[in-house]
Amino acid sequence: MKSILLVDDEAAICVELQRTLQELEYHVEVAHTFESALGSISETRFDAILVEFNLRSENAAHPRTGGGIRLIRDLRKSGIRIPILVYTVMEGDTYETASLDAGADHFVLKKTPVSDFFSRLREHVMMGGDLG
């Protein structure tokens, strides 16, 4: 079974997405903060990570400002190569460019049709992040 880390501070979204991913036979672990995501990654091997752009941090001066981008940068700097997909409501080229420049493998809007989202996730999981 493929394992996904879902990193989002919106509980309702996490519950629904976790349920749907589990129905598609993914094991899903949820982290609600930057810090809890780092802890999960240090303890468990995941096949992909889904990250909200404006992830909450327990220690930042502005707790929701781009915490997902900071997480991606930290993971890439530490040598983590598993696929990371930014899954967010933040629309616009600025957000997409910042996500990809930080090291994300793909940028997906939360309003993207579910079938398209799962197709991209499945491709990244199966290909090990080698897709553009």
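Between SER36 and LYS111, the C-beta separation translates, for a Förster distance of 30 Å, into a calculated FRET efficiency of about 0.70. If R0 equals 35 Å, the separation of the Cβ atoms of ASP93 and ALA12 corresponds to a calculated FRET efficiency of about 0.80.
Hey, rough spin-label estimate for LYS2 and THR20, points 7 angstrom out along Cα→Cβ, what's it come to in nanometres? Distance between the two pseudo-spin positions: 1.5 nm.
Per residue, the chain exposes 51 Å² of accessible surface when a 1.4 Å probe is rolled over the protein heavy atoms with every protein chain present.
First compute the accessible area of the range 1-129 with a 1.4 Å probe, then give the percent of it belonging to carbon and sulfur atoms.
52
Net charge in the neighbourhood of LEU17 (other residues with Cβ under 15 Å of its Cβ; Lys, Arg +1, Asp, Glu -1) is -3.
Look at where the Cα atoms of the range 79-112 and of the range 1-70 average out, and the two centres are 13 Å apart. Based on alpha carbons, the Rg and Dmax found for the chain are 13.3, 38 Å.
The values are calculated or read from the model by the stated rules, or taken from the named source; none is laboratory data. This structure is a prediction, so every number in the text was calculated from the model and none was measured. Counting neighbours? That spans all protein chains shown, and the Cβs are built from the backbone with ideal geometry, glycine included. For the accessible areas, the whole protein counts, side chains as well, though only heavy atoms, and no ligand, DNA or RNA atoms are used. Shrake-Rupley method; radii C 1.70, N 1.55, O 1.52, S 1.80 Å.
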